[in-house]
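S.K.: Dumping the structure here so I can ask a few things about it.
The values are calculated or read from the model by the stated rules, or taken from the named source; none is laboratory data. Remember, predicted model here, so these are calculated numbers, not experimental data. Note that we place each Cβ from the backbone using ideal geometry, even for glycine, and neighbour counts take in every protein chain shown.
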Amino acid sequence: MTAESSQSNKIHPLEIAQTTKIKHRNADGMHWFVAAIFIVGDMLGAGMIALPVALGHTGLYMGISLILLASLFSGVTGLQLGYSWAMMQVRWPQYQEHCRRPYPEIAYRALGRSARTFVSIIVCVTQFGLITVLTILAAKNLSNFLLAIFDVHLHFCFIVVFLGIFISPFCMLRSPKDFWLAAFCSAISSITAATIIVVGSFHDSPACSSHAEHESFNLKNMLLGYGTIVFAYGGHAAFPTIQHDMIKPFRFNRSMIFSYAILTVVYLLVGISGYFVYGNSMRDTIVPSLQVTWMSQAVNIMITLHVLPTIIIIFSPIAQQFEDWTRVPHDFSYKRVLARSFILCMVVFVGLSIPDFGVFLDLVGATTMSLMSMILPSIFFLYLKASQIKREALLKEKKLSLDAPDDCRATIKDIMKYIPKSLLILSVISLAFGIIGGLAGTVAALTTLLTSSEVATPCYITWFREGISFERTIAGAVNCCGGFRNVTVFGYDPAGYCSI
């Protein structure tokens, strides 16, 4: 390990380690650019293709505002999370070694053991929900692909089971640095998919945009849109794990800024183009609305190629936490295989029980992702930074010896005293955005899930009633545009072409 000195003792909201006098370096690991690719690969996918639907719920101007605000606030909290971990590696050198659960350790150093336990549970629930959403999405994509290309209707529920089996060997790897190539492929496939979506939307625009209808303002739908947008920016649970595997963890700010610039541009392009061209004819995602078959199916393939590596990447934190709880050795063994296979089986079961992609995505985004991405990082950062400044002040005043344990935690009073007001105000605004939006979005998503007649029946009940179908279907694979979803770009008969 080597160290380098900082040049400034000032705090800036968008800097990670400028107040840390010693910066930890790892002997090996990822460059900050590779870490940025991991972030893009982690986040760019399911949320992106659902964003046009979210803009349909929120309205154009409100939707764009929410995307920009979510980008700003989740970007700030991501930087705060990165700063917290970089600071901890210096204050407590044990974190310079392999750490299986960095996010809960941040909670522990900020607020104590109870916070660590709470965050450990929330991380697992968040990652579990995200993996389930992505598995459902991949299954729906493959089901649509079979229908569009081969005219075969294979219920996506069956594909959920197949995907669980297919990805299981790849989920046995130890940490994200073991599959950097998967992250790179994931990011490239998603950016390619976004490009095809925008081009396909422009192609369909002459026939569809004049028929596009948009919903009047509805508070419940707007809150559902909030859940989708937060979901699109909700990769924070994996950030400390990615940062820990960097050569220079204190350079995580560069990874964040670069990746968030890409994410925000892509989200705006995809969301706005889908909103103007297809309006409220979209269902769940924009992909089936693209009427050029090769384009829609290319996006299906690209998103699926993104989703599968992303599942592997985000599977790591929940698997490592579960293995800690069950005392599974760090080295590869049959116990690791059993533990991770159990988690995958539970993912498949929940996916079969709640196969509604859109509503489930909104629920995950508004609940645990709001908590992990918009709320907790700022709280932990404020407490950790205040405790650091407090300790330095006590050392300077000679009220504390240099060899005294670094176990002094901050209070709310310390936060008000030591944290610069500009940074404190920014954090409070970010917290308000996350808390208010998260609570309201959760209520809206739960109400829809529990009361809507359109919520899908669990897969195993469908199997029991109808069996597993390989039969041809009279419905098409395209979500045609227009208020009645029957406008076709090429003048085809909607019967047998449109999914109505």
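S.K.: Going by what's in this entry, would G358 be described as in contact with an Asp or Glu (Cβ under 6 Å, 6 or more places away or on another chain) and either aromatic (F, W, Y) or touching a residue at least 24 places away in the same chain (Cβ under 8 Å) (or both)? Steps first, please.
M.R.: On the way: in contact with an Asp or Glu (Cβ under 6 Å, 6 or more places away or on another chain): yes; either aromatic (F, W, Y) or touching a residue at least 24 places away in the same chain (Cβ under 8 Å) (or both): yes.
Yes: the conditions hold for G358.
S.K.: So in the stretch 89-103, with the set limited to residues that are within 15 Å of F252 (Cβ to Cβ) and within 24 Å of the chain's Cα centre (by Cα), which one is surrounded by the fewest Cβ atoms within 10 Å (Cβ to Cβ)?
M.R.: Restricting to residues being within 15 Å of F252 (Cβ to Cβ) and within 24 Å of the chain's Cα centre (by Cα), the top hit is C99.
S.K.: Continuing with this model, one more query. Filtering the stretch 128-142 down to residues that are surrounded by 24 or more Cβ atoms within 10 Å (Cβ to Cβ) and within 13 Å of S316 (Cα to Cα), which residue is modelled with the lowest pLDDT?
M.R.: The extreme case among them is L130.
S.K.: Right, something else. With the condition kept exactly as written, say whether any residue in the stretch 284-299 is in contact (Cβ under 8 Å) with a residue 12 or more places away in the chain, surrounded by fewer than 22 Cβ atoms within 10 Å (Cβ to Cβ) and closer than 29 Å to L446 by Cβ.
M.R.: Yes: the stretch 284-299 contains one or more residues that are in contact (Cβ under 8 Å) with a residue 12 or more places away in the chain, surrounded by fewer than 22 Cβ atoms within 10 Å (Cβ to Cβ) and closer than 29 Å to L446 by Cβ.
S.K.: Out of everything in the stretch 444-455 that is of a type in the set (V, I, T) and surrounded by 13 or more Cβ atoms within 10 Å (Cβ to Cβ), what residue ends up being modelled with the highest pLDDT?
M.R.: Top of the filtered list is T447.
S.K.: Sticking with this structure for a sec: What residue, among those in the stretch 22-65 that are of a type in the set (F, W, Y) and in contact with a helix residue (DSSP H, G or I) (Cβ under 9 Å, 6 or more places away or on another chain), is farthest from A194 (Cα to Cα)?
M.R.: Narrowing the stretch 22-65 to residues of a type in the set (F, W, Y): 32-33, 38, 61.
Going one step further and asking which of them are in contact with a helix residue (DSSP H, G or I) (Cβ under 9 Å, 6 or more places away or on another chain), we end up with 32-33, 38.
Details: W32: 24, F33: 21, F38: 17 Å.
The residue in question is W32.
So that you can scan it fast, the table gives a plain yes or no per residue for (1) surrounded by fewer than 24 Cβ atoms within 10 Å (Cβ to Cβ); (2) modelled with pLDDT of 90 or more; (3) not hydrophobic (A, V, I, L, M, F, W, C):
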position	(1), (2), (3)
E4	yes, no, yes
A27	yes, no, no
V40	no, no, no
L55	no, yes, no
Y83	no, yes, yes
M87	no, yes, no
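S.K.: Separate question: Cβ contacts < 6 Å: first residue in contact (Cβ under 8 Å) with a residue 12 or more places away in the chain and more than 20 Å from P102 (Cβ to Cβ), restricted to the stretch 220-249; second residue surrounded by 24 or more Cβ atoms within 10 Å (Cβ to Cβ) and among the hydroxyl-bearing types (S, T, Y), any location; separation 6+ or different chain. Result?
M.R.: Qualifying pairs under 6 Å: M222/T58; G225/T58; V230/S370.
Here is a yes/no grid of residues against (1) of a type outside the set (A, V, I, L, M, F, W, C); (2) without any contact (Cβ under 8 Å) to a residue 12 or more places away in the chain; (3) within 27 Å of D414 (Cβ to Cβ):
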{"site": "L69", "(1), (2), (3)": "no, no, no"}
{"site": "W85", "(1), (2), (3)": "no, no, yes"}
{"site": "V90", "(1), (2), (3)": "no, no, yes"}
{"site": "R101", "(1), (2), (3)": "yes, no, yes"}
{"site": "R109", "(1), (2), (3)": "yes, no, yes"}
{"site": "R116", "(1), (2), (3)": "yes, no, yes"}
{"site": "V119", "(1), (2), (3)": "no, no, yes"}
